[in-house]
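Shown next, in structure tokens, is the structure this report addresses.
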Amino acid sequence: MITLELTKQFFLKYGPVGLFIQSFLSSTIFFPGYTEIIIPLYVSLFETNLVFIVATVGSILGGMFNYGLGLLGSKFIKSRKEITEKAKKWLDMWGDLSVFITSFVPGFPFDVVAIAVGIFRMNFKVFMIAMSLGKILKHAIIIYGTGLFLKIFLGI
């Protein structure tokens, strides 16, 4: 059984670089994970602004990676009509807002949405703005909220 002290030592050893890697990988389709779960530990060990920047940048780059996968795999996936018809219908209904909302909601599989909008070649600039705003807002609430909680209730 992993103890809290051992976990804390791991995060101290790899620090912000470990957070960046975790944030990037958990934002890709290949390594599902939830960086949001470990944020309180990072916030308790490192400066809040640093945690915010590192986690957000890693997450945004992971979203860009998924969009690129969608672009690369669009010919293969478009040949699977049943998948693309459902995805296209959903994206047509929600549009650009779908990228913002799904990138904002913690635990939502945004990687699937990023790949889908890549498949349908959503304007990259629009994708980046919507995704970045969603991820920035999500991380700001989680990280600064956690920091405030730790200061007020735990005195950290």
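Each value in this text was obtained by applying a stated rule to the coordinates, not by laboratory testing. Computed from a prediction, not measured in an experiment: that's the story for all the values here. With ideal geometry, Cβ positions are generated from the backbone for all residues, glycine too; neighbour counts draw on all protein chains shown.
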- Kindly provide the helix-only [θ] at 222 nm of the chain, computed as the sum of -39,500 (n - 2.57) over DSSP H runs of four or more divided by all residues, to the nearest 500 deg cm²/dmol? -26000 deg cm²/dmol
- Task: Report the relative contact order of the chain, percent, no decimals, based on alpha-carbon pairs under 8 angstrom and at least 6 residues apart.
- Result: 28
- Candidates SER132, SER103, SER44, ranked by Gaussian network fluctuation over the chain, Cα under 10 Å, top entry: SER44
- Note, ³J(HN,Hα) from phi for the stretch 27-42, Karplus 6.51, -1.76, 1.60, rounded to Hz, x at Gly and Pro: 9, 9, 5, 7, 10, x, x, 10, 4, 4, 5, 8, 3, x, 5, 5
- Karplus (6.51, -1.76, 1.60) ³J(HN,Hα), θ = phi - 60°, over the stretch 93-99, in Hz, Gly and Pro reported as x: 5, 9, x, 4, 4, 4, 5
- Which of the peptides 50-57, 30-37, 139-146 is most tightly packed, and how do the rest follow, going by the mean number of other Cβ atoms within 10 Å of each residue? 50-57, 139-146, 30-37
- Query: Equivalent-ellipsoid semi-axes (√(5λ), Cα gyration tensor) for the stretch 4-154, whole Å, largest first?
  - Reply: 32, 15, 12
